[in-house]
Amino acid sequence: MSPYRRESPDRLYIITSGRSRGGDESLDAVTLIVTESAPVPGMQSEHAAILRLCVSPMAVVEVAAHLRLPVAVTRILLTDLLDTGRVSARHPAPAPSPARPLASPDVLEKVLVALHNL
C-alpha cells in the first residue's frame with residue numbers, strides 16, 4: 001500500500017487548507033523545482049521541507065515521493081511557493097518536431113557542407 005493511501009484524509013485537507021484544486025496546471029511530473037529562498041520560522045512544515053529538498057533541481061514527482069504525498073497535493077503546495085517567489089519552476093523543453101525542429105534547415109545544410117569539406 002502506498003504511503004499516502006494510509007494518510008488521513010483530514011491531514012491532507014489540513015495540508016492544502018481545504019483546497020482540492022488550485023495547483024498550477026503547468027506543473028507536470030517532470031517540471032524541475034528549485035529553491036529561491038530558505039525556510040522561515042513559522043512556515044508550514046511541508047513548505048519548509050520542499051525548500052530544503054529543492055536546493056538542487058528536483059522534479060515534481062520526486063518532491064511528492066520524498067514528502068510521501070500525492071502529486072496533486074504536492075502541486076498545490078508548490079503553487080503556494082511559486083506564488084510567493086520561494087521556488088522557481090523549470091519546465092521541460094518540448095521535443096523537436098517537424099513544426100519545431102531542433103535546428104533550422106540552413107544550419108543543417110552548413111553542417112553538412114562542413115562535414116563534406118572534411
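Bear in mind that the values in this text are calculations on the coordinates, not laboratory data. All figures in this text were calculated on a predicted structure; none of them were measured in a lab. With ideal geometry, Cβ positions are generated from the backbone for all residues, glycine too; neighbour counts draw on all protein chains shown.
So the values come out like this:
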{"quantity": "³J(HN,Hα), Karplus 6.51/-1.76/1.60, whole Hz, each residue of the stretch 62-77, x for Gly, Pro", "calculated": "5, 4, 4, 5, 5, 7, 6, 10, x, 4, 4, 5, 4, 4, 5, 5"}
{"quantity": "For the stretch 88-94, 3J(HN,Hα) per residue [Karplus equation, 6.51 cos²θ - 1.76 cosθ + 1.60, θ = phi - 60°, Hz, x = Gly/Pro]", "calculated": "10, 10, 10, 7, x, 6, x"}
{"quantity": "Among 41-53, 76-88, the order from most to least packed when residues are scored by Cβ within 10 Å on average", "calculated": "76-88, 41-53"}
{"quantity": "Two-decimal ratio, the stretch 21-118, of alpha-carbon radius of gyration to 2.2 N^0.38 Å", "calculated": "1.54"}
{"quantity": "Nitroxide proxy distance, nm - points 7 Å out along Cα→Cβ at N117 and V61", "calculated": "4.5 nm"}
{"quantity": "Placed amide H near A59: partners under 5 Å, 5+ positions off or other chain", "calculated": "I33"}
{"quantity": "In order through the stretch 47-59: 3J(HN,Hα) via Karplus (6.51 cos²θ - 1.76 cosθ + 1.60), integer Hz, x for Gly, Pro", "calculated": "4, 4, 4, 4, 4, 6, 5, 9, 4, 9, x, 9, 5"}
